[in-house]
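To start, the structure under review is shown below, and the notes come after it.
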Amino acid sequence: MPDCTMMNKNGMVSKIQTRIRTDHFKSNYDLVGKELGRGKFAVVKKCVEKVTGKEHAAKFLRKRRKGEDCRMDIINEIAVLESAKANPFVVSLHEVYETATEIILVLECAAGGEIFNQCVADSDDAFTEKDVIRLARQILAGVAWLHHKNVVHLDLKPQNILLTSSHPLGDIRIVDFGLSRRTDNVKEVREILGTPEYVAPEILNYEPLSTATDMWSIGVLTYVMLTGESPFLGDNKQETFLNVSQVNVDYSQEVFQGVSSLAIDFIKSLLVKNPRHRATAEDCLKHPWLNNSHSHTHTGHAHPRLLPSMDEPETSQSESDPESESPAPSPELVIVASYTLCPGQGEMKAGRGGAFPFEEPLIQQEVIC
Ligand code: ADP
Ligand code: MG
């Protein structure tokens with residue numbers, strides 16, 4: 001783990017160990033199949049290393065976004081991946097290449113795709129509660145490890161939790177550390193971007209961010225995995241934000257049909273407005289829902305209603321044109337602000353955020369703890 005001297009005041013790590021290769025990526029890898037996915041700033045494609053014949057996932061990241069040099073954000077992403085090397089639930093980084101316009105991260109390929117796909121699948125393919133218990137334990141073990149190392153992910157959602165295989169159901173890999181920050185020795189975080197459905201109330205209120213911010217997202221994630229429904233999703237962003245800030249959650253039997261009350265209790269320990277009262281990853285790992293092998297766990301799945309995809313992949317574009325590798329920003333980029341980062345859930349100070357202004361998308365504000 002890099003020490004604080006390599007970190008700027010925004011919690012971004014600026015030094016990496018990995019050698020950045022400047023020879024041609026395509027001399028060493030063949031791109032195969034269609035793209036694996038795309039998100040805010042990246043296109044991810046399957047590739048095969050010529051020497052070893054091993055499959056990997058190549059994440060193509062543009063260095064310039066909206067006219068700004070974002071190389072340091074990518075370096076930070078690499079640094080977090082490096083620091084999480086020993087974490088079995090974080091995707092592993094194999095190599096890094098740099099061209100004039102892009103940085104390419106060669107990652108372990110999580111062939112099972114996003115858990116998002118199974119969250120919104122028809123009943124037959126959807127997770128059972130037993131599946132969710134196993135996967136939630138893995139997500140929590142991965143996140144507890146990150147939090148222990150003073151790293152917050154800040155973008156945990158079903159599109160950023162992948163599976164090593166889908167049939168049979170494999171293990172989870174946490175990806176996309178583009179928004180991740182170190183929480184130690186940090187005064188503020190600038191330009192945090194989030195996905196409306198998954199952002200914690202403190203993000204909307206410009207209050208300090210902490211490991212608890214990730215725990216809120218895990219509450220949302222678990223809700224989605226169990227019910228196929230997004231708890232705060234409204235008809236528009238304003239409605240979604242209002243639902244989040246009022247913690248307007250439907251725990252009715254209709255939504256949680258066939259799901260145990262322990263599971264609901266687990267979610268309730270996370271979807272708590274005050275971050276100081278939210279369960280930590282360690283607390284969650286001790287929760288009876290994840291530890292009682294003969295709990296009243298249901299093996300069936302409530303019939304999920306379809307969610308609209310936030311990261312809908314567009315059609316694949318030309319591989320030879322570097323300009324075409326990066327997607328247009330998706331509509332999820334909604335919050336741009338300055339935040340204070342607090343070291344941990346136990347040590348948080350009270351925030352000084354104002355009421356959420358129901359005007360976005362671009363908000364610039366500074367909050368000092
Ligand atoms: P962004 O920062 O643009 O959101 P991500 O790292 O989340 O980029 O990658 C975008 C999508 O690409 C993911 O949601 C996932 O579907 C796919 N993806 C990312 N990394 C991998 C990987 N290692 N293996 C397989 N698919 C991946
Ligand atoms: Mg992503």
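Full extension of the chain between His148 and Asp250 gives 33.5 nm of extra length, using 0.36 nm per residue less the Cα-Cα distance. Which whole-number percentage describes the relative contact order of segment 46-139, with Cα contacts under 8 Å and a sequence gap of 6 or more? Worked out over segment 46-139, it gives 25 percent.
How high is the FRET efficiency from Arg21 to Ala86, r the C-beta distance, R0 22 Å, rounded to 0.05?
0.40
Decide, for segment 4-108, between rounded, prolate and oblate: order the square roots of the alpha carbon gyration tensor eigenvalues as a ≥ b ≥ c, take rounded if a/c falls under 1.5, and otherwise choose prolate if a/b is larger than b/c, else oblate. It comes out prolate by the Cα gyration axes. A straight Cα-to-Cα reach below 21 Å connects Lys40 with the lysines Lys59, Lys63, Lys66, Lys157, Lys237, residues fewer than 8 places away in its own chain not being considered. Sorting His147, His287 from the fewest to the most surrounding beta carbons within 10 angstrom yields His287, His147. Ordering Lys130, Lys66, Lys40 by the number of other Cβ atoms within 10 Å of each residue's own Cβ, fewest first, gives Lys66, Lys130, Lys40. Exposure proxy for Thr211, Thr101, Thr195, Thr128: other Cβ atoms within 10 Å of each Cβ, ordered fewest to most, give Thr101, Thr128, Thr195, Thr211. Our estimate of slack between Ala100 and Arg276, defined as 0.36 nm per intervening residue step minus the Cα-Cα distance, is 58.9 nm.
Each reported figure results from applying straightforward, stated rules to the coordinates on display, with no laboratory input. These figures come from a predicted structure and were not determined experimentally. With ideal geometry, Cβ positions are generated from the backbone for all residues, glycine too; neighbour counts draw on all protein chains shown.
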